Every structure is written in C-alpha cells, then in structure tokens.
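Working notes for the structure below.
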Amino acid sequence: MDTHKPKPWHGVRDATGGDMLTIPSRRISRRLALAAALAVAPAAAAAAQTDDARASAEAALRAFLHAFENDDLPTMEASFAPDATGFNPVVASAKGSGPLDFETLRRKPGMPPAMRALVESSLKTGDGPPYRKLDPKDLLVQTDGQMALCTFHLEAPTNLARRTIVLIRRAGAWKILHIHASNAQA
C-alpha cells in the first residue's frame, strides 16, 4: 500500500520555462502570484499607514484632553495650530435662557475663549489637578492624509456635550485646526 499522497501544490515548468504551481483543477504562474502579492502590498501598506495616522491622531487628542483636565494652559495652547479656529459652546436648552449674544458665538481664532476662561477660573478657585474629568464617549477618529476628524461626546447626568475637533499634521505633529462644541441640557 502506497502511503505517499501527492501534494496539492507541486512545481512544474510551463512552456516558456517559467515556474508553475499546480493546484487541483487550476494552474497559477509564480510570476502571476508574485505580481498579485506586489499589487496588494501598497494597499496593505496604506491601511497600516491609516491605522498609524489614526492612532497618532487619537494620541494627540487624548494628550490635549489630559492637559485640559489638569488646566495645563501652556500644553493646551501648544496643541493648537497657529491658524486654528473654534466655536464657543452654546447650551441648547428646552427651558430657554433668554436672548443669545451672537457675537460670542461667532468663530474665533485660536483656543476658544470660553475654554481659556474656564481654565483660568478653575486655576484660581478649583481643587486639583485634575480639575475635571474628560472621558470621550463614542470617539471616532477619521483620517485622510494630513487631516483627522475627531468626534465624541462627554456625558454628565443632566447634559450631553458634543465635540468635533479637526486635527492637521504639520512637521510630523498633530495640531488642532478647529474645535466645535455644542451642549444640550435635559
């Protein structure tokens, strides 16, 4: 009894002398297999770069949030690109809070003034650090080239704080290019 079974893959030569692999019911040239692998390699490399970009953008965002928790104003300021813009948060409430001052709601350069005021206030009166807990929920980081779009929300018993932060990678470092905040109260 012959216990030797033919291997499903064994090398043979094609008519031009090139290597062939025999697969049950089909043949694939090793050159074709190599070409296919090389064609897939850039896509795999791009996916790895996207994952690396996403991870590094998220790390930059979390470093900023950590600085904000600790009211580390110099680190927070350094997290913003020189041409950054932002919107101060407005509280949308079903109860209403009177007329809005639209000027305070317009886009401002740099770190949002309300964020800076909160830090300066808690540095004078708060116990800490940390002065607040920022735990981003449903964090989504989407990257495309040198840009990253980060969306998340912060939860408290009576409000939902929604955040959108646009990061840009310059000289290898992620910086905040735009920050948008909106809050809803129960």
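Readers should treat all values here as calculations from the given coordinates under stated rules, not as data from a laboratory. Everything numeric in this text was worked out from a predicted model, so none of it was measured. Neighbour counts run over all protein chains shown; Cβ positions are idealised from the backbone, glycine included.
Some values worked out for this structure:
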read-out	value
Cβ-based net charge around residue 60, under 13 Å, with every Lys or Arg adding one and every Asp or Glu removing one	+3
Average silhouette area of the stretch 52-185, convex hull of alpha-carbon atoms, in square nanometres	8.8
Formal net charge of residues neighbouring residue 110 (Cβ-Cβ distance under 12 Å; K, R +1; D, E -1)	+2
For 163, 62, order by how many other beta-carbon atoms lie within 10 Å, fewest first	62, 163
Value in Å of the Kirkwood radius, where the stretch 133-186 supplies the Cα pairs that are averaged	12.0
Net charge over other residues, Cβ less than 11 angstrom from the Cβ of residue 130 (K, R count +1; D, E count -1)	-2
